[in-house]
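Quick note: the coordinates plus some simple rules give every number you see, no bench work behind them. Source: prediction; values computed, not measured.
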């Protein structure tokens, strides 16, 4: 599972930095959305780890 999440966040960052269509202004929609989801899931994981200790 960790490899999959790293690949997802890395892929989304690549989409964002290369401004792959579809775009809103100069930002890739899927790149930004993927980075936001990836950050949310990472923070959620850290929260669950912190609460179990």
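Values for this structure:
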item: Gain upon complete extension [residue 47, residue 24; 0.36 nm per residue less C-alpha separation]; result: 5.1 nm
item: Gain upon complete extension [residue 17, residue 32; 0.36 nm per residue less C-alpha separation]; result: 4.5 nm
item: Folded to 0 to 90 degrees: helix 29-52 orientation relative to the chain principal axis, Cα; result: 10 degrees
item: Folded to 0 to 90 degrees: helix 2-17 orientation relative to the chain principal axis, Cα; result: 30 degrees
